[in-house]
1. Just to be sure before I move on: is A106 in contact (Cβ under 8 Å) with a residue 40 or more places away in the chain, within 18 Å of the chain's Cα centre (by Cα) and assigned to a helix (DSSP H, G or I) in the structure I sent?
2. Pick out the one residue from D2, D25, D52 that is of a type outside the set (F, W, Y) and farther than 28 Å from I97 by Cα.
3. Restricting to region 80-103, name every residue that is outside any helix (DSSP H, G or I) and small (G, A, S).
4. Check region 8-15 and report whether any residue there is without any contact (Cβ under 8 Å) to a residue 24 or more places away in the chain and of a type in the set (V, I, T).
5. Counting just the residues of region 82-114 that are open to solvent by 60 Å² or more (accessible area, probe 1.4 Å) and among the polar types (S, T, N, Q), which one comes out farthest from A64 (Cα to Cα)?
6. For region 79-103, give me each residue that is at positive phi and touching a residue at least 24 places away in the same chain (Cβ under 8 Å).
Amino acid sequence: GDAAREEIMRRCSPENAAALVVTMDDPAAAERVVRAARRNWPNLVVYARAADNAHAARLLAAGARHVVPEALEASLQLGERLLLGVGVPEGAVLQLIEARRQAELAELESRGRD
């Protein structure tokens, strides 16, 4: 069913859910689901996967509380493997990648809420 339709979402009892996770491949559909969830269940925490930073900003504007852009995670994973592959110590790599992840997500969330 179309999760953006209230009657479909109601079957999942979102009023009793700890959170909603939106991982749809269709960016417009994901945004519709987030907007519908926010409109009908304003206290429901929404996590969403985004195609890229622009999509992430739209999901945040639609009411998602947390987003993870696929492109960011793919880039971080590639960077991690590269650094490990050229001999950078694992501890330093993990610390660097996590710091970059947190900085990128914080910047994205601050822009998405403007």
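1. Taking the combined requirement at face value, the residue does not satisfy it.
2. The match here is D2.
3. Hit for region 80-103 is G87, nothing else.
4. So far as region 8-15 goes, yes, one or more of its residues are without any contact (Cβ under 8 Å) to a residue 24 or more places away in the chain and of a type in the set (V, I, T).
5. Once the filter is applied, the top-ranked residue is Q95.
6. If the condition is that a residue be at positive phi and touching a residue at least 24 places away in the same chain (Cβ under 8 Å), then no residue fits.
Conditions (1) closer than 26 Å to I8 by Cβ; (2) touching a strand residue (DSSP E or B) at 6+ places or on another chain (Cβ under 9 Å); (3) not aromatic (F, W, Y), marked per residue:
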| position | (1), (2), (3) |
| --- | --- |
| R35 | yes, no, yes |
| H66 | yes, yes, yes |
| A74 | no, no, yes |
| E80 | no, no, yes |
| R101 | no, no, yes |
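The values are calculated or read from the model by the stated rules, or taken from the named source; none is laboratory data. A quick note: this is a predicted structure, and the numbers were derived from the prediction, not measured. Here Cβ is always computed from backbone atoms with ideal geometry, including for glycine, and neighbour counts include all displayed protein chains. Accessible surface is based on the protein model in full, side chains and every heavy atom, while ligands, DNA and RNA are left aside. Shrake-Rupley method; radii C 1.70, N 1.55, O 1.52, S 1.80 Å.
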